[in-house]
1. What residues have an amide H closer than 5 Å to that of G234, excluding those fewer than 5 places away on the same chain, when H is modeled at 1.01 Å from N in the peptide plane?
2. Report ³J(HN,Hα) in whole Hz for each residue of segment 35-40, in order, from the Karplus equation J = 6.51 cos²θ - 1.76 cosθ + 1.60 where θ = phi - 60°; Gly and Pro get x.
3. Please report, in debye to the nearest 20, how large the charge dipole of the chain is about its Cα centre when each Lys and Arg carries +1 at its beta carbon and each Asp and Glu carries -1 there.
4. Sort R333, R255, R207 by heavy-atom solvent-accessible area, probe 1.4 angstrom, most to least.
5. Quantify, in whole percent, the carbon and sulfur part of the accessible surface of the chain (1.4 Å probe; protein heavy atoms only).
6. Just to be sure I understand the rule: take each whole DSSP H helix in the chain, project its Cα atoms onto its long axis, keep it if the span is 20 Å or more and its mean Kyte-Doolittle hydropathy is at least -0.5. Which ones pass?
7. Quick one: check the C-alpha center-to-center distance for segment 374-424 versus segment 275-294, whole angstrom.
8. Please work out the Cα center distance from segment 12-80 to segment 174-210, rounded to the nearest Å.
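The values are calculated or read from the model by the stated rules, or taken from the named source; none is laboratory data. This is a predicted model, so every value here is computed, not measured. Backbone-built Cβ (ideal geometry, glycine too); neighbour counts: all protein chains shown. Note: accessible area is taken over every heavy atom of the protein model, side chains too, but ligands, DNA and RNA are not part of it. Shrake-Rupley method; radii C 1.70, N 1.55, O 1.52, S 1.80 Å.
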Amino acid sequence: MTAEIDQGKDQEFKKYKTYSLKVDPSQNDKATEIRLCNFARPHMRAFHCSWWAFFVAFFIWFAIAPLLSEVKDTLKLSAQDIWTSNICSVAGTIVMRFLLGPLCDKYGARILMGTVLMCASIPCALIGLVNSSATLAVTRFFIGLGGSSFVMCQYWSTSMFAKEVAGTANALVGGWGNLGGGVTQLVMGSVLFPLFKQGMSPEMAWRTVSIVPACVGLLTGYTIMRISDDCPKGNYKEMKQNGIMNEVSAAASFRDGALNFNTWLLFIQYGCCFGVELTMNNAAALYFKETFDLTTESAAAIASIFGWMNLFARGLGGFVSDKMNAKMGMRGRLIVQAVTLTVEAVMVLVFAQTKSLGLAIFVLVVFSTMVQAAEGATYGIVPYVDPPATGSISGIVGAGGNTGAVCFGLCFRQLSSIKTAFNIMGFSIFVSAAMTFLIIIKGHRSLIGGQDSEAVKAAWQRSGTTTLAVPVEKAFTDDEEEEGSK
């Protein structure tokens, strides 16, 4: 039984008078701890809704990926046609991630998450109607819009948890959500597809099986909007009605996030970790089937290993980032970022040279672990870049992942040698790792110099009363935005 913690006499509107977690009042009652077995509102309920919704988004997004060899045979498609559809599936969400970041600052993550999930479920259910490479690419483009739910996933956890544990919280919800990519490979390719084939032809099986993830997506989207909250003090709408939250200008929020140089450095680095994961989610099953002459079911099972590492790897990256932050401040987080990206690059180059199935699987495990640890480390840094514009920055950095997937996808599509494509991927990641030396966040030490401010140092050394240096909130009001443009 969880003890209720009284947060003292209310000075302003709060939806909940007590919380089941320890919170920091100076950070708008964000939780300073994570209890995984707790489902109480608002903090842990939002935590579990966030990762589950993103998990389902992956289930929808990549439902057809392990069955692409069947689609290819039925529709008589070329390898380039398949890669075109793969690129469309990740390209569709780039613009959406840019848009949803500032919209999260304005409306919160809960409603946007539910809406996106339900909308993406519709084209997922219709994938069985495709009859050409063009209709496959277009349908996967619209399904891919569900991938933009990552922005809400990260924004939601950042809204609920204090910066001291934000790296771990963001990494866990992102990692467990990404786990959907691995589970989808296994469930769709090795469980549901064979099950559907028992009562129908292989073609009819792949044309109907995606109805299952579509139904799960519709139900999840509706449910999370009903049972969770936008932030610790309640929902944005009621907070604005009670005068404790300013009306936010999405345009001003996006402007502040986009004009920060660190945002774009993280954009590139996230493209070299999450972009790699998306590319592997699309390509792994087909790669193992064609390279090692495996069945669709066996190739899907092996490909699922990449996604299954999310069970711990992304969370591990965020956890280590938080621990290094506690010892060294921001410099510790940057060290973790640089190391994980560097090891990831090495593993990509090794994987490209591997000829043995057993060795390929082993390298895949290490490769995947580093990819996802780098993702977790990246979003351990994001909340510090410019706190009032966190939603916009989260969206821009998240779009970097899909942009990276498009770029790597084009390499695999256009180059005749898959080894060359992997080599380009590996050396690109090396370059992104080196960019960590360019990340300089105001008030924090970088890898090459600078000093932590006294408030920041007191926070990560836990030597003062200040919990964390939080910049004064910038009230992005619509009226102010209009005045500023005059």
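1. K15
2. Rounded to whole hertz, the list is 10, 4, 8, 9, 10, 6.
3. Working: 38 positive and 35 negative charges, 131 e Å.
The dipole of the chain has a size of about 640 debye.
4. Numbers: R333 0, R255 110, R207 50 Å².
Result, largest first: R255, R207, R333.
5. On the way: 11910 of 18440 Å².
About 65 percent, which is the carbon plus sulfur part of the accessible surface.
6. Numbers: long enough: 43-61 (27 Å, 0.95); 79-107 (42 Å, 0.57); 109-125 (24 Å, 1.59); 163-186 (35 Å, 0.27); 211-227 (24 Å, 1.54); 274-292 (26 Å, 0.34); 313-328 (22 Å, -0.19); 330-353 (36 Å, 1.32); 357-385 (42 Å, 1.58); 390-414 (36 Å, 0.72); 418-434 (25 Å, 1.37).
Those that clear 20 Å and a mean of -0.5 are 43-61, 79-107, 109-125, 163-186, 211-227, 274-292, 313-328, 330-353, 357-385, 390-414, 418-434.
7. Comparing the Cα centres of segment 374-424 and segment 275-294, I get a distance of 19 Å.
8. 21
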